[in-house]
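One structure coming up, written as structure tokens, with questions to follow.
The values are calculated or read from the model by the stated rules, or taken from the named source; none is laboratory data. Note that this is a predicted model, so its numbers are computed, not measured. Cβ atoms come from the backbone with ideal geometry, glycine included; neighbour counts cover every protein chain shown. To get the accessible areas, we keep the full protein, side chains included, count just its heavy atoms, and leave off ligands, DNA and RNA. Shrake-Rupley method; radii C 1.70, N 1.55, O 1.52, S 1.80 Å.
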Amino acid sequence: MDEKELLALRFDEHRPHLRAVGYRMLGSLSDAEDAVQEAWLKLNRSDVTGVENLGGWLTTVVGRVCLDMLRSRTTRREEPLEPEVPGQDGAPVRLPDPLVSGPDRIDPEQEVLLADSVGIALMVVMESLSPAERLSFVLHDLFAVPFEAIAPLVDKTPAATRQLASRARRRVQGGAPAPDTDLAGLRRVVDAFLAASRGGDFEALVRVLDPAVVARSDGGTLLPGVLRRGAAEVASQAITFARFAQDARPVLVNGLPGVVALAGGRPVSVMAFTVRGGVITSLDILTDPERLAALDLGGALGG
């Protein structure tokens, strides 16, 4: 085995970890893959004979690539998602890519991506951070990278980088408090939501929804998503949507109970639920047909 083949093997050992970094930074599986590929190209152009911790070196490289990608999004004036409901109902939103697997077991390929139980609601809040805040928070809080290694990436001192992460942490904790984690209890709440939606039982729906529940939907470029709030409005929309979805299959979405809705045997939505105190506090719905097709949901649905 020559030196280049050995380097490729070493890189592949770190690939799942690097994809996890990219996903948390970018909220996009395809963009995360692009960032990992860019790290591979940089590795091939670099002399790493003196690098003792290749995994750490590659993590910072992916972090830098993701930081540049996030800054490019800002330059193109892409609007970030908001952790709280914007002042005007119906404001367009974009959701991060969901990680969907079968109802009983996380896909082995997703286990590393979900090592920190990063739910959709948390990813939504992270979209509201500045690029430097997100990098500092993700690398330090989720991957234990020291501030001394992060600081050069954001052109700050370690102390200033610590402040970026602290500010991001406060926003994340405020915008996405820790959800309930008992899977059996969560599934009961989701099943109650589905039963009430299908039955058109408005009162039962309201009982399973937090009074301040937030529902975000992302339909892509052809059908821009909207954000709704309040149990009454969300319940009404859930009943309306249930009329179009002929079937609903239980799945795990980012490691938590969720649903894939089908019409004519074709997936029309992926729904992610955040539950706190036994009621649904947020509902994130991806309905973009292009992104749904890219998710390859056959395995999660038993196909």
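Mind pulling the angle between the C-alpha long axis of helix 54-75 and the longest principal axis of the chain? Nearest 10 degrees, somewhere in 0 to 90.
Orientation of helix 54-75: about 60 degrees from the principal axis.
Per 0.36 nm of contour for each residue apart, how much would the distance between Glu203 and Glu52 grow if the chain were fully extended, relative to their Cα-Cα spacing?
This chain segment gains 48.3 nm when fully extended.
Moving to a separate point now. Efficiency by 1/(1 + (r/R0)^6): what FRET value for Gln37 and Thr157, r their Cβ-Cβ distance, R0 = 35 Å, to the nearest 0.05?
E(calc), rounded to 0.05, equals 0.65.
If you average the sequence gap of Cα pairs under 8 Å that are 6 or more apart and divide by the length of segment 171-249, what percent do you get for the contact order?
25 percent
Something else about it: Using only Cα atoms and rounding to the nearest 10 degrees, what angle (0 to 90) does helix 29-45 make with the longest principal axis of the chain?
Roughly 0 degrees, rounded to the nearest 10.
Next question. Arg170 to Ser130: extension gain in nm, 0.36 nm per residue of separation minus the Cα-Cα distance?
Computed gain between Arg170 and Ser130 is 13.1 nm.
Over the chain, give the accessible area per residue in Å² for a 1.4 Å probe, as an integer.
Per-residue value: 49 Å².
Right, here's the next one. By how many nm would the segment from Glu233 to Asp191 lengthen if fully extended, with 0.36 nm per residue of separation less the alpha-carbon distance?
13.2 nm
Follow-up. Compute the acute angle (0 to 90°) between the alpha-carbon long axis of helix 3-26 and the principal axis of greatest extent of the alpha-carbon atoms of the chain; round to the nearest 10°.
Value to nearest ten degrees: 40.
Compute the distance in nm between two label points, each set 7 Å from the Cα along the Cα-to-Cβ direction, one at Lys4 and one at Ala294.
3.1 nm
Next question. Over segment 220-269, calculate the relative contact order: mean separation of alpha carbon pairs under 8 Å at least 6 apart, over the residue count, as a percent.
Reported relative contact order: 22 percent.
OK, next. Give the carbon-plus-sulfur fraction of the accessible surface of segment 167-258 in %, rounded to a whole number; probe 1.4 Å, heavy atoms of protein chains only.
That share works out to 57 percent.
Same structure, new question: Return the long-range amide H neighbours of Ser269 (sequence gap of 5 or more, or a different chain), with a cut-off of under 5 Å between placed amide H atoms.
Those lying under 5 Å, H to H, from Ser269 are Ala261.
Sticking with this one: What list of ³J(HN,Hα) couplings, whole Hz, do you get for segment 144-157 from phi and the Karplus terms 6.51, -1.76, 1.60, once you set θ to phi - 60° and write x for glycine and proline?
Couplings: 6, 7, x, 4, 4, 7, 7, 3, x, 5, 10, 6, 10, 6 Hz.
Just to be sure I understand: with springs between alpha-carbon atoms less than 10 Å apart, which residue in Leu67, Leu194, Leu54 has the highest mean-square fluctuation in the Gaussian network model of the chain?
Its mean-square fluctuation being the largest, the pick is Leu54.
Using a simple charge model, +1 on the beta-carbon of Lys and Arg, -1 on the beta-carbon of Asp and Glu, nothing else, what dipole does the chain show about its Cα centre, in debye to the nearest 20?
720 debye
Sort 9-17, 248-256 for me by packing, meaning the mean count of neighbouring Cβ atoms within 10 Å per residue, highest on top.
Going from most to least packed, we get 248-256, 9-17.
Sorted by packing (mean other beta-carbon atoms within 10 Å per residue), highest first, where do 206-216, 131-141 land?
Descending packing order for the listed peptides: 131-141, 206-216.
Given R₀ = 22 Å, what would the calculated FRET efficiency be for Asp68 paired with Arg45, taking r from the Cβ atoms and rounding to 0.05?
With R0 = 22 Å, the Cβ-Cβ based efficiency is 0.85.
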